[in-house]
Amino acid sequence: MSDATLPSQPIEVRFRGGGFAPKARRWVGLFVFVLLIGITEIGTRQGWISSLTLPKPSDVLATFGELWESGLLFKHLIPSLSRLAVGATIGASIGIVVGILIGLFSYVRAGMVPLVAAIFPIPKIALLPLFVIWFGIDEASKYALIAFGTFTPTVVATYGAVDNVDRSLIRMGQSFGLSWLSIVRKIVLPGAMPGILSGLRISLAIAIILLVAAEMLGAEYGIGAYILEAGSLYDLERLFAGVVILSLLGVILSTVIGFIERRILGWRA
Amino acid sequence: MDIRLDAISHSYGDTEVLRDISLDIPNGKIVCLVGPSGCGKSTLLRLIGGLERPSKGRVLQVGSPPEGCLNPLTFVFQDFALLPWRSVQGNISLVLEDHGIKGAQADAIITDVLARTKLSDFSKALPRQLSGGMKQRVAIARALAVKPAVMLMDEPLSALDSQTRELLMDDLVALWTRQFFTAAYVTHNLAEAVRLGHCIVVLSRRPGEIREIVEIDMPLADRSHGNAKLEQVQKHLWDMMRDEARAADEELLDV
């Protein structure tokens, strides 16, 4: 157009659509892990990563093997898993119930939302001494800490999800004379489920963080105690072995939620 | 069962949307409500269906609903309002479950209404797998399942393309001819109104008042696309509405 003397050549229209649609790319995640670990292994072997900076991945694996053979792995893992399961279950279920109540009742909302906003930013670990006084030095205080930490993000995610349920569907339920309970059970809850589940991903990651924190402050066995002990001795191999266990735990929980999402949210796709 | 509107007025805060509407919706007839956008025709339908309370006046049911009627006043919504997590069948059983209708009895009703709306092959499909026209047919099937005394149809065809709209209009006429139903049908599409309405109520722009009630005494089955007499009625309606619609349009731009 700028040069009128040349006969204008047809130009193929430039493609500018596409993207913004995440697709399943199966092996990429694994590849990133393998790549990073591979680089670390080569680096530590060749010496351009000093052994003080990072442990050799193969040594970490060996430490892991020792843990397994000596039976210590399960001695640490089982108390941790049961703390996580009990604490997170209590916290998440109370959180979902309270979140739904906030979503449904204006008075509960007016009363609870500021309270939740006040509790949310408190580092829950700072309250551990308080929980020890309330619930004793044993397991109960750790359950309480994990439960408390999972509670707040679950509440926020849940009432947000309830707020986002399509009001026209609720009007439809009312127009067909459905009972209040039916509307909540058959329209509000399934409609809020995507939001609740994505909130659970965050809550469960926070539960793992708090599990370790609680175990660092007072536990004989547990992954947190194991990491703390390794850390105070600057035993990087064992420290990393503990950290890897936590990462694996996170990946497993996230996979489980992904599986649940695919099962019960198949209608979205 | 007839519906009688007795001097209905309605306002949202300081905004008056409906003023002094008195109207009868007689049994077995389709009454179309037309008017410029924002004239409160959808609000009027929600008032009739009990989803909102009128500021003044009353909505009365005259006579008792027919036997076996589960939900006398039943809506068909513009956006279909189907639960995306339930199949076609599940969406219909949703409105039966609360009346304690389950199992074989529910299956019989579902099979019947799906057959009447030509959806029998799609009972297991999820809403996302259906086209717009099919979704609205599911919503109509769901409405039929509760054996309504009066169907309240809120622009049921407005979200559909014009071809689908023609087909669904034929379907509605066929449904009505097979078994008379009573309906209040809100639309902004005059072609729909003259095709389906036994009587057409023209509302003025906000605050909505009844400007004129046009009766068309031609059987629904005889009204075909491009019928001269219907075109004449439609032109008359449009002449009446044009200035109102323009004024309403400019009014909305002001806000």
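Given the conditions (1) out of contact with any Ser or Thr (no Cβ under 8 Å at 6 or more places or on another chain); (2) part of a helix (DSSP H, G or I); (3) open to solvent by 30 Å² or more (accessible area, probe 1.4 Å); (4) over 29 Å from B:LEU96 (Cα atoms), and given that A:VAL132 satisfies all but one, which numbered condition is not satisfied?
The failed condition is (1).
Quick check on this structure: which one of A:ARG25, A:ARG45 is over 21 Å from A:LEU246 (Cβ atoms), modelled with pLDDT under 90 and of a type in the set (Lys, Arg)?
One residue alone meets the criteria, A:ARG25.
Name every residue in region B:133-148 that is part of a loop (DSSP other than H, G, I, E, B) and open to solvent by less than 10 Å² (accessible area, probe 1.4 Å), in order of residue number.
Across region B:133-148, the qualifying residue is only B:VAL146.
Scan region A:150-170 for residues that are surrounded by fewer than 19 Cβ atoms within 10 Å (Cβ to Cβ) and either part of a helix (DSSP H, G or I) or polar (S, T, N, Q) (or both) and jot them down.
Result: A:GLY160, A:ASP163, A:ASN164, A:ARG167, A:SER168, A:ILE170.
Across region B:75-106, what is the total count of residues that are within 27 Å of B:ASN27 (Cβ to Cβ), at the interface with another protein chain (Cβ under 7 Å from one of its Cβ atoms) and either open to solvent by less than 30 Å² (accessible area, probe 1.4 Å) or modelled with pLDDT of 95 or more (or both)?
Matching residues across region B:75-106 total 4.
Run A:VAL28 past the list (1) at positive phi; (2) open to solvent by 60 Å² or more (accessible area, probe 1.4 Å) and report the number of the one that doesn't hold.
Only one criterion in (1) at positive phi; (2) open to solvent by 60 Å² or more (accessible area, probe 1.4 Å) is unmet by A:VAL28, namely (1).
Can you find, within region A:110-136, the residue that is farthest from the chain's Cα centre (by Cα) among those that are touching a residue at least 40 places away in the same chain (Cβ under 8 Å) and closer than 14 Å to A:MET216 by Cβ? Show your work before the answer.
From region A:110-136, those touching a residue at least 40 places away in the same chain (Cβ under 8 Å) are A:112-113, A:116, A:124-125, A:128, A:132; that's our starting set.
Restricting the remaining residues to those that are closer than 14 Å to A:MET216 by Cβ gives A:124-125, A:128, A:132.
Details: A:LYS124: 16, A:ILE125: 17, A:LEU128: 21, A:VAL132: 25 Å.
The extreme case among them is A:VAL132.
Working carefully through the options B:LEU160, B:LEU130, find the one that is open to solvent by 10 Å² or more (accessible area, probe 1.4 Å) and within 14 Å of chain A (Cβ to nearest Cβ).
B:LEU130
Scan (1) within 14 Å of another protein chain (Cβ to nearest Cβ); (2) more than 30 Å from B:ILE101 (Cβ to Cβ); (3) surrounded by fewer than 19 Cβ atoms within 10 Å (Cβ to Cβ) for the single condition A:THR255 breaks and write down its number.
Of (1) within 14 Å of another protein chain (Cβ to nearest Cβ); (2) more than 30 Å from B:ILE101 (Cβ to Cβ); (3) surrounded by fewer than 19 Cβ atoms within 10 Å (Cβ to Cβ), only one is false for A:THR255: (1).
For region A:90-107, how many residues meet the condition of being surrounded by fewer than 16 Cβ atoms within 10 Å (Cβ to Cβ) and touching a helix residue (DSSP H, G or I) at 6+ places or on another chain (Cβ under 8 Å)?
So the first thing to find is which residues in region A:90-107 are surrounded by fewer than 16 Cβ atoms within 10 Å (Cβ to Cβ), and the list is A:93, A:97, A:104-107.
Filter once more, so that each one left must be touching a helix residue (DSSP H, G or I) at 6+ places or on another chain (Cβ under 8 Å): A:104.
Final tally of qualifying residues: 1.
Considering only residues that are open to solvent by 60 Å² or more (accessible area, probe 1.4 Å), among the aromatic types (Phe, Trp, Tyr) and part of a helix (DSSP H, G or I), which ones fall in region A:46-89?
Result: A:TRP68, A:PHE74.
Pull out all pairs, ordered by first then second residue, where Cβ-Cβ is under 6 Å, the residues are six or more apart or on different chains, the first lies in region B:158-173 and is under 15 Å from B:ARG195 (Cα atoms), and the second is part of a helix (DSSP H, G or I) and of a type in the set (A, V, I, L, M, F, W, C).
These pairs meet every condition: B:VAL173/B:LEU220.
Checking the condition open to solvent by 60 Å² or more (accessible area, probe 1.4 Å) and of a type in the set (Lys, Arg), which residue from B:ARG223, B:ARG206 passes?
One residue alone meets the criteria, B:ARG206.
A:ILE137 - would you say it is outside any helix (DSSP H, G or I), open to solvent by 60 Å² or more (accessible area, probe 1.4 Å) and of a type in the set (Val, Ile, Thr)? Step through it out loud before you land on a result.
On the way: outside any helix (DSSP H, G or I): yes; open to solvent by 60 Å² or more (accessible area, probe 1.4 Å): yes; of a type in the set (Val, Ile, Thr): yes.
It is true that A:ILE137 is outside any helix (DSSP H, G or I), open to solvent by 60 Å² or more (accessible area, probe 1.4 Å) and of a type in the set (Val, Ile, Thr).
Take A:PHE20 and tell me if it is within 30 Å of A:GLY242 (Cα to Cα) and within 24 Å of the chain's Cα centre (by Cα).
Details: within 30 Å of A:GLY242 (Cα to Cα): no; within 24 Å of the chain's Cα centre (by Cα): yes.
In short, no.
Consider B:LEU167 carefully, then state whether it is closer than 25 Å to B:THR117 by Cβ, among the hydrophobic types (A, V, I, L, M, F, W, C) and open to solvent by 60 Å² or more (accessible area, probe 1.4 Å).
On the way: closer than 25 Å to B:THR117 by Cβ: yes; among the hydrophobic types (A, V, I, L, M, F, W, C): yes; open to solvent by 60 Å² or more (accessible area, probe 1.4 Å): yes.
Criteria met by B:LEU167.
The values are calculated or read from the model by the stated rules, or taken from the named source; none is laboratory data. Everything numeric in this text was worked out from a predicted model, so none of it was measured. Every residue, glycine among them, receives a Cβ derived from its backbone with ideal geometry; neighbour counts consider all protein chains shown. In case anyone asks, the SASA skips ligands and DNA or RNA and just uses the protein heavy atoms, side chains included. Shrake-Rupley method; radii C 1.70, N 1.55, O 1.52, S 1.80 Å.
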